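Reviewing the structure listed below.
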Amino acid sequence: MLFAAMLSVSVVATSAATVHHTPSFKVVNQAESAQVFPLNTELPFRLWKKACHRALSYPLRVEKQQQLAKQLNLTLPDKINYATSHLSNYQEKRIEGGLSCSGLVTETKPDLNKAMLALINAWWALEQGETKFLKPLLQLSMANLATRNDSIILIASQTGGKKGKEIFEQQANDINLLLNASKAALASFWLEQGNYQPAIDMLANCDSKTCYQLQRKVNMQKELKDEQTADDLASYF
């Protein structure tokens, strides 16, 4: 999943407010304020606060996605948005059925934001088969050292075959990755090679549904291999 930056978005824009939905909240944005209404009232209040914090940065994140689409002349999905930002003058209050909050959101690290957003969109393009989008997006993400490793993993995944395997083998040792999609792709490569421990180590810091599924698969195959090794050794004693 792709990503934490992706929302399940249903957007309704009016002159006064923008309404959208995440998997757990209805969100209303207006100027420098936001309101969040949990779809399940049993959600802990700390998640309400986290959702309200994130809601305040929503207009900035959408703006960055729109700017990227315009810069590259690509039709990119509204549901993908990302930006690191600083929140100041934060205030909140309980309202009927939810939480209202306000604050001033300021973008931080704009160059990294653009590279990360390009990378996130590149993974989306790969999953959607929009391969013509990959080159302009990867040109941006490859240019930033922070997102370069993830970009290489994406290229290896897209290339596939012998060449893709060579890219994985050349670039994948002691590599730091940012996105869950990248971690899952590299772990899948290690799994295919029967190299279970690197896959386990990579998935330990990955919290997507895909990674959880891979964790179970890797652990099962490693246990099976360990049992077979133990059986082979038993024949010598």
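The values are calculated or read from the model by the stated rules, or taken from the named source; none is laboratory data. The shown structure was predicted, so the numbers you read here are calculated from the model rather than taken from an experiment. A quick note on method: Cβ atoms are made from the backbone with ideal geometry, for glycine too, and the neighbour counts reach across all protein chains shown.
Looking at the stretch 174-197 only, could you name the residues that are within 22 Å of the chain's Cα centre (by Cα), modelled with pLDDT under 90 and not β-branched (Val, Ile, Thr)? Correct list: 174, 176. With respect to residue 167, is the statement that it is surrounded by 17 or more Cβ atoms within 10 Å (Cβ to Cβ), in a helix (DSSP H, G or I) and within 17 Å of the chain's Cα centre (by Cα) true? When the stated conditions are applied, residue 167 does not pass them. Residue 117 fulfils the conditions (1) touching a Phe, Trp or Tyr at 6+ places or on another chain (Cβ under 9 Å); (2) in contact (Cβ under 8 Å) with a residue 24 or more places away in the chain; (3) not assigned by TED's automatic domain parsing to the domain that holds residue 144 except for a single criterion, (3). Does residue 29 satisfy the condition of being surrounded by 15 or more Cβ atoms within 10 Å (Cβ to Cβ), over 20 Å from the mean Cα position of the chain (by Cα) and not in a loop (DSSP other than H, G, I, E, B)? Here the answer is yes, as residue 29 does meet what is asked. What residue, of 151, 100, 141, is surrounded by 14 or more Cβ atoms within 10 Å (Cβ to Cβ) and in a strand (DSSP E or B)? Criteria check complete, one pass: 100. For the stretch 53-97, filtered to residues that are assigned to a loop (DSSP other than H, G, I, E, B) and without any contact (Cβ under 8 Å) to a residue 40 or more places away in the chain, the residue that is nearest to residue 25 (Cα to Cα) is 96. Determine, yes or no, whether residue 75 is out of contact with any Lys or Arg (no Cβ under 8 Å at 6 or more places or on another chain), surrounded by fewer than 18 Cβ atoms within 10 Å (Cβ to Cβ) and β-branched (Val, Ile, Thr). Taking the combined requirement at face value, the residue satisfies it. So, residue 119, is that one part of a helix (DSSP H, G or I) and touching a Lys or Arg at 6+ places or on another chain (Cβ under 8 Å) or not? So residue 119 does not fit the description; no.
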